[in-house]
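Q: Sharing a structure, written as C-alpha cells. Questions coming.
The values are calculated or read from the model by the stated rules, or taken from the named source; none is laboratory data. Keep in mind that what you see is a predicted model, and the values were worked out from it rather than measured. Here Cβ is always computed from backbone atoms with ideal geometry, including for glycine, and neighbour counts include all displayed protein chains. Note: accessible area is taken over every heavy atom of the protein model, side chains too, but ligands, DNA and RNA are not part of it. Shrake-Rupley method; radii C 1.70, N 1.55, O 1.52, S 1.80 Å.
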4 protein chains.
Amino acid sequence: MPKILVISASPSSTSRTERLGELVAERLDTYAWHTDHLRVRTLPAAPLLGAQVGHPAVSAAVEQVAQAEGIVLATPTYKASFSGLLKTFLDLLPQFGFAGKAVLPLATGGSTAHVLALDYALRPVAHSLGARHVVQSFFLLDKHLDVSGGTLRVLPASSQGLDEVMEQFRMALPAPSRLPVAADERR
Amino acid sequence: MPKILVISASPSSTSRTERLGELVAERLDTYAWHTDHLRVRTLPAAPLLGAQVGHPAVSAAVEQVAQAEGIVLATPTYKASFSGLLKTFLDLLPQFGFAGKAVLPLATGGSTAHVLALDYALRPVAHSLGARHVVQSFFLLDKHLDVSGGTLRVLPASSQGLDEVMEQFRMALPAPSRLPVAADERR
Amino acid sequence: MPKILVISASPSSTSRTERLGELVAERLDTYAWHTDHLRVRTLPAAPLLGAQVGHPAVSAAVEQVAQAEGIVLATPTYKASFSGLLKTFLDLLPQFGFAGKAVLPLATGGSTAHVLALDYALRPVAHSLGARHVVQSFFLLDKHLDVSGGTLRVLPASSQGLDEVMEQFRMALPAPSRLPVAADERR
Amino acid sequence: MPKILVISASPSSTSRTERLGELVAERLDTYAWHTDHLRVRTLPAAPLLGAQVGHPAVSAAVEQVAQAEGIVLATPTYKASFSGLLKTFLDLLPQFGFAGKAVLPLATGGSTAHVLALDYALRPVAHSLGARHVVQSFFLLDKHLDVSGGTLRVLPASSQGLDEVMEQFRMALPAPSRLPVAADERR
C-alpha cells in the first residue's frame, strides 16, 4: 500500500503545528494510503543535530521518508522562515531525498505577514531535494486553529483552503489509490 | 570594549565552516573589538532543539548575541539553504534580536550553484531579526579553503572577496573603534 | 487539441533565451499538443509597460495564456533574478492566471552562481499565479548553448538535464495526449 | 551636494506608489541632500523594454542612479513580488550599479500577506547590484494611504514605521549631511 509521511516540526508537544500534522495524517489515512506522522522533536536531539545518519532512530526516520510517495511538511513560522527543527531533519536526507515524491507544505503562524515564507523559503528547499511535485502551500493563522476542546478544530476561515490543498496533494499522488476504501480492506 | 560574535553552525568539529569562523574571529580580534566564537554544535542538543531558552548554556549564548554589536554568521550550504543548526539557534533569539547590529553572512559550499542561498534564504531571516545593517554576503568554495596544514588557509581565488566583505563589516560597526590597537591596550 | 505556450522574455531577438524557447516549442510540438511561442519583446511596449490589458495585442497574449494547459517560461538571468520583461508580462495576468496549469521554468545565464534565481525568485511568482504544478526548473549556461550554426544546439553538458525537465513537464500535462502522433494526424 | 534618487515603479500616474515616492522625495529634500524622483513609467517604453541603454532618456536615468548616494525603491506588489516595471529598469543598470550606495526598499499593497516580497524578492536584487547598505524595508497597506484630498496622507497605523525606515536610511547616508539646512543654503 502506498505511503504518506506527515513530518511536523514544532519543538512543542502541545503546538498547533503538531496537532495540525495529526489532523492531516488522520484525514489522509481514510484513503487508500498508509499514513504515518513523524514528529521531529521526538527524534534524539544529539544525533539529529550532529547529523549522525547512522543512529538507529535517525536512520529509521530517514527510511520513512524514502518509503513514502507523499510528504506533508508542517512547520511553525519563526523569523520569517520555517523552523530550524524541520531544516535540521531535511539536512540529513540524501541529496535527492524527495525524488519522485509529491510534497504538501503547510505552516502555522500568528500573522499573515509571514505567508510567503512557505513559497520563498521552504519550497526551494523541497525542490532542491528533487521533489517531483510540490503542490500549492497553505498557511494557517493560529487563531483559525481552535484547540480549546483538546483536539484541533480548523475554523471555517481556513478549512476550505486546507481542504483544497489536501485535495491537490491527493491528486498529485500516484493514480491507483485516490479513492477512500472501507476500513476492513485497509493495510 | 565593543563586541563581535562569530556564530558558526556546522555539525562537524573539523568542518571548513567552523575553521572559517575561527579565522574570521582571529582576524577581527586584532582590531579594537572583543571577538568571541560561538560554535552552535557545542550547545547542549536537547535544550537547543527544544527551544529551552531558560537553560543556562542556551541562555548564555543568547546573551552573547544581545551583547554583541556585530554578528558574523558562518554556515555550510545544505539543500540550497543555510544549515538547520544555524536556524535552530536563530529561532531562540528574541523577535528583534539583531536590532541595532551589523551582520556579515558567510557560507561555505561545494558548488557555486548555491551562492544565492545566502541572499535569498539567510538575509531575509537576518532582517526579520531587525538587523541594522547586513553587509554584502560572501560564499567560499570548499576547494578554496585549504585545511591540509591543520589550520585553514583561504586560497587567493577567495581571499580578496573575503577581505572585502570583512572590511565592509568593520565599516558597518560603530565608528570609534575601527582601527587596530596595540595588543597591550586591549581588553 | 491541448495547448502549450512557450513564453520567452529576452529583450534581444538574437538571444540564446529566445532560441531556446524556439527549440523547446518545436520539440513539444512533435507531441499531441499545439505549441505556440510568445516572444514578449514583440508585444507593443507602451501597452505592455502601461498594463493596458485592453490593448488588442496584449489581450491576445493574455488569452493565449488562458487557453494553454502548459506554460514554459524561458528567461535570461539579470541581477540575480528573472528578466523584468517577463515580470512585466506576468503582472498583466489575472490573479490566478496559471490556475490548473503545468509550468516549466527555464533560464539561461553566464554563471552557475545564479542557478537558484529560478527556484527562489521565479517559482514563488508562478505559484502566486495559482499554478497547479511547477515542475523542476532548469538553468542552462550560455556556453552550453551553441548558436554558431544559426540554429541553437544544446551541448551534451546540458542536453540531458533539459530532456529530463521536458519529460517531467510532459508528464505533468493532462493524460490523454502524452504520446507523439504522426504529423498528418495533427491539428 | 549629495544626491538621493527616489525611483517609483507603478504603471499608473495616479497610483499610491507614485504618490508615496513623491512624499518621500519631498521629506528627504528638506535635508541637506538634493532629491530627485524618477517615475519609471515616464521613460520611453520601447527603449526601456528593449534595454537600449544608449537612448538619451534611458541613459539620463541610468546616470541619475550613478550620481546618487542614496536610492529609494518604491514599488507596488504584484504576483507576490515587486513590479516588472521596476525590474525592467534595474536590468539596465551596470552589474554593480548600486555599489557604494544606501538603498531603502518600500512597497505598497492590498494585503499584509505580501509583506515578505520586499525582503525575499527585491532585497537580493539590490544586493546583486552591489549595494553598500540596504536598510530595513517597509510595506504600506493601501488602506493606510489616504489619497482622498488629492495629496497622499500616511495614516497613523503606518506613519511611524515609515518614519523609522526613513531615519535609518538617512543614517546610512554619508555622514556630513545628516542635518536639515536652511532653504537658502541649499543647492
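Q: Label position 7 Å from Cα toward Cβ: report the copy-to-copy distances for C:GLN52 in nm, one decimal, ordered from shortest.
A: 1.8, 6.7, 6.9
Q: According to the square roots a ≥ b ≥ c of the eigenvalues of the Cα gyration tensor, what is the shape class of chain D, taking rounded for a/c under 1.5, prolate for a/b larger than b/c otherwise, and oblate for the remainder?
A: Rounded shape, in that the Cα axes give a/c under 1.5.
Q: Can you list the chymotrypsin sites (Phe, Trp or Tyr not before Pro) in region C:65-158 that are in a DSSP coil and have 15 or fewer other beta carbons within 10 angstrom?
A: Values: sites: C:TYR78, C:PHE82, C:PHE89, C:PHE96, C:PHE98, C:TYR120, C:PHE138, C:PHE139; in loops: C:PHE96, C:PHE98.
Answer by residue number: C:PHE96.
Q: What residue among B:GLY149, B:GLY130, B:GLY84 has the largest mean-square fluctuation in a Gaussian network model of chain B, using Cα springs under 10 Å?
A: In this elastic network of chain B, the residue with the biggest mean-square fluctuation among B:GLY149, B:GLY130, B:GLY84 is B:GLY149.
Q: Of C:THR88, C:THR42, C:THR77, which has the largest mean-square fluctuation in a 10 Å C-alpha GNM of chain C?
A: C:THR42
Q: Picking from D:VAL115, D:LEU155, D:HIS144, whose Cα lies most toward the positive end of the charge dipole for chain D (charges on Cβ: Lys, Arg +1; Asp, Glu -1)?
A: D:VAL115
Q: Of C:HIS133, C:HIS37, C:HIS55, which has the largest mean-square fluctuation in a 10 Å C-alpha GNM of chain C?
A: Checking each option, the largest mean-square fluctuation is seen for C:HIS55.
Q: Could you work out the helix-only [θ] at 222 nm for the protein assembly as shown, with each DSSP H run of four or more residues adding -39,500 (n - 2.57) and the total divided by the number of residues, to the nearest 500 deg cm²/dmol? Walk me through the intermediate numbers first.
A: Values: 24 runs with 241 residues, N = 748.
Value at 222 nm, helices only: -9500 deg cm²/dmol.
Q: Next up: Which entries of A:LYS3/A:LYS87; C:LYS79/D:LYS87; A:LYS87/B:LYS87; B:LYS101/C:LYS79 show an alpha-carbon separation above 18 angstrom in the structure shown? Working shown, then result.
A: Working: A:LYS3/A:LYS87 22 Å; C:LYS79/D:LYS87 9 Å; A:LYS87/B:LYS87 8 Å; B:LYS101/C:LYS79 27 Å.
Violating the 18 Å limit, Cα to Cα: A:LYS3/A:LYS87; B:LYS101/C:LYS79.
Q: Extending each Cα 7 Å along its Cβ direction at C:SER159 and C:THR42, get the distance between those two points in nm, one decimal.
A: A separation of 2.7 nm, rounded to one decimal place.
Q: Using protein chains only (no ligands, no nucleic acids) and a 1.4 Å probe, work out which residues of region A:1-27 have their accessible area cut by at least 10 Å² relative to the chain alone.
A: In region A:1-27, residues shielded by partner chains: A:PRO11.
Q: Taking only the alpha-carbon atoms of the protein assembly as shown, what semi-axes of the equivalent ellipsoid follow from 5 times the gyration tensor eigenvalues under a square root, in whole Å, largest first? If you can, show how the numbers build up before the last one.
A: Working: eigenvalues 286, 253, 131 Å².
Gyration-tensor ellipsoid for the protein assembly as shown: 38, 36, 26 Å.
Q: Could you quickly flag the chain B residue whose beta carbon comes closest to the rotation axis taking B to A, and that distance in whole angstrom?
A: Its Cβ sits closest to the axis: B:ALA45, 2.
Q: Checking understanding here: applying a Kyte-Doolittle mean of at least -0.5 and a length along the axis of at least 24 Å (C-alpha), which whole DSSP H helices in chain C pass? Don't jump to the answer; show the numbers that get you there.
A: Numbers: long enough: C:156-172 (25 Å, -0.44).
Both cut-offs are met by C:156-172.
Q: If you don't mind, there's one more thing I want to ask. Could you tell me the distance between the Cα centroids of region C:131-151 and region D:22-87, to the nearest Å?
A: The distance from the Cα centre of region C:131-151 to that of region D:22-87 comes to 31 Å.
Q: Something else: Using a label point 7 angstrom from Cα along Cα-to-C-beta, what distances in nm, from shortest up, separate A:GLU63 from the other copies?
A: 4.5, 5.9, 7.1
Q: Once you keep just the Cα pairs under 8 angstrom separated by 6 or more residues, what percentage relative contact order results for region D:3-185?
A: Values: 327 pairs, mean separation 42.0, N = 183.
Computed over region D:3-185, the figure is 23 percent.
Q: Right, another one. What distance in nm lies between label points placed 7 Å from Cα along the C-beta direction at D:GLU63 and C:LYS143?
A: Placing both labels 7 Å along Cα→Cβ, they lie 3.7 nm apart.
Q: Using a 1.4 Å probe on the protein heavy atoms, what percent of the accessible area of chain C belongs to carbon and sulfur? Walk me through the numbers on the way to the answer.
A: Numbers: 3690 of 6970 Å².
Summing carbon and sulfur atoms, their accessible area is 53 percent of the total for chain C.
Q: Between D:GLU167 and D:GLN52, what is the label-to-label distance in nm when each label sits 7 Å out along the Cα-to-Cβ direction?
A: Taking the two extended label points, one gets 4.7 nm.
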